[in-house]
Every structure is written in C-alpha cells, then in structure tokens.
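Presented below is the structure to which this report refers.
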Amino acid sequence: MDASNIRNTALLLVDLQNDFIHPDGAYARGGAASADIAALPGRLAPVAQAFRRAGGWIVSTHFTLVPGRGGKPMISDHLRRLRPFLRKGDFLPGGWGQALVDDLAPADFTVEKVAFSAFYMSRLEWVLRKAGIEHLVAAGIVTNGGVASTVRVAHVRDFHVTVLEDGCAAFDSAVHRTNIDALRSIAEIETCDRLIGALS
C-alpha cells in the first residue's frame, strides 16, 4: 500500500458490531460464535490506531435490523432461516448491539446497511465521495458475505481496494481462504502487520 495517499484512504470496518462479536451479543446468545471472528478486534485495533496517527479515515458499516410496528425487526427470509435466534432489540438502530465494538471505536463515519453489500441502499458511496476517499482498506466479517460483497461493488464503482486477509474472518476458515483468493483479481491483498509497517 502507498502510504503517501493516506488522506484519501479509509479503513473500512465491515460489521464489527457488538451483536456479532461481543460475548453478550445476539450471535453469542444464539450459539453462532467463532474464535477467528472473536480475535478480529484485538488484531485490528493497532491498524485503526496507525490509520488515525497517519491521518487516514475510519469508516464503519453496521448491519441493521429495522424495527417495524411494535418494534419487531424486519428480517429477510434467508436470514431468518439461517439465524432463527434473532429477536426484538437485536441490531437495533442506535442500540448497543448495533454499535462498533469498543476496541475499534470511534469511527469517523458510520453507515447502516441492510444487506451483504454496504453499498446497497445506503449512504456509503455519498460519504466516501464527499470525504475524497478513493482507496478502501477492507476488514471485518464475514469474508464470504459482507466483506466480499462490499469489495466487489467498490471495485465496480472505481474505488481502489486493499483487503486485509488476516483482518477478515468467516465461520469456516476454508471458506475464508477461498474467498480471499477469489478477491485477488480485483483487490490488493495485504496483512495487518505489513500495513502497519507501511503506515509507520
């Protein structure tokens, strides 16, 4: 990565939220936990600190369950089948569960999302263009879902993208590796340590 363009670069933290990762969050309650995912905040905290010191941006995307009447969340059918434990109050806009984990906060911008891609029906591209951000360094969860979908759309929209291969995780390590390899044709693949070194 070329650190000379850091002021036009954002660390894009995909869905690193309490309800996904924290031991008291919705996914832990439902038994959908992963050691690889749980390790990400500690691994990415030095990356976020290096970005802040160097003058880069921190942008956080937040999966959101929009509450309907009576506060019951609107959940897509495929997600309801996959995660039947989701309930009222999970990923609630402005709630603790929807928030970025403390180890990585604060972000310069937060963007709510309702699907895998953080660009889908969100203000993400508007925020990035207004801030003059041209390069995204993507990290977060899951590699085969929110990360891959967001990276592919970013590529189509002419953002330069770097993916931190050890700054992303999935519920299956083989799935993670397969998806990192699949992104090599459209994104630069980097490690957290090498990125920190470049920013230093």
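The values are calculated or read from the model by the stated rules, or taken from the named source; none is laboratory data. Just so we're clear, the structure is a prediction, and the values are computed from it rather than from any experiment. In this analysis, Cβ positions are derived from the backbone assuming ideal geometry, glycine residues included, and neighbour counts consider all displayed protein chains.
Give the residue that is surrounded by the fewest Cβ atoms within 10 Å (Cβ to Cβ), with candidates limited to residues of the range 32-44 that are over 14 Å from V137 (Cα atoms) and of a type in the set (A, V, I, L, M, F, W, C). Step through it out loud before you land on a result.
Applying the first criterion (over 14 Å from V137 (Cα atoms)) to the range 32-44 yields 32-43.
Then keep just the ones that are of a type in the set (A, V, I, L, M, F, W, C); that gives 32-33, 35, 37-40.
Working: A32: 16, A33: 15, A35: 8, I37: 23, A38: 15, A39: 13, L40: 26.
Among them, the one singled out is A35.
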Taking only the range 60-77 into account, find how many residues are closer than 25 Å to V175 by Cβ and not in a helix (DSSP H, G or I). 8
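Could you list, in sequence order, all residues of the range 79-134 that are among the charged types (D, E, K, R), farther than 13 Å from L65 by Cα, outside any loop (DSSP other than H, G, I, E, B) and in contact with a Phe, Trp or Tyr (Cβ under 9 Å, 6 or more places away or on another chain)? First the steps, then the outcome.
Taking the range 79-134 and keeping what is among the charged types (D, E, K, R), we get 80-81, 83, 87-88, 90, 102-103, 108, 112-113, 123, 125, 129-130, 134.
Filter once more, keeping what is farther than 13 Å from L65 by Cα: 81, 102-103, 108, 123, 125, 129-130, 134.
Checking the rest, the ones that are also outside any loop (DSSP other than H, G, I, E, B) come to 81, 102-103, 125, 129-130.
The answer is E125, and nothing else.
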Enumeration of residues in the range 44-79 that are of a type in the set (K, R) and under 24 Å from A154 (Cα atoms): R52
Under 18 Å from S173 (Cβ atoms) and of a type outside the set (F, W, Y): which single residue out of A35, A10 fits that description? A35
Subset of the range 138-190, residues within 16 Å of the chain's Cα centre (by Cα), assigned to a helix (DSSP H, G or I), under 20 Å from A115 (Cβ atoms) and hydrophobic (A, V, I, L, M, F, W, C), comes to V147, A148, V151, V153, A154, L183
Conditions: (1) more than 20 Å from T143 (Cβ to Cβ); (2) modelled with pLDDT of 95 or more; (3) of a type in the set (D, E). D2 meets all but one. Number of the miss? (2)
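Residues of the range 8-56 being touching a residue at least 60 places away in the same chain (Cβ under 8 Å), part of a helix (DSSP H, G or I) and over 19 Å from G197 (Cβ atoms), which ones?
Within the range 8-56, the first condition is being touching a residue at least 60 places away in the same chain (Cβ under 8 Å), and the residues that meet it are 8-22, 25-26, 32, 34, 36-37, 39-44, 46-47, 50-51, 53-54, 56.
Filter again for part of a helix (DSSP H, G or I), leaving 8, 18-21, 26, 36-37, 40-44, 46-47, 50-51, 53-54.
Within the range 8-56, N8, N18, D19, F20, I21, A26, D36, I37, L40, P41 meet the criteria.
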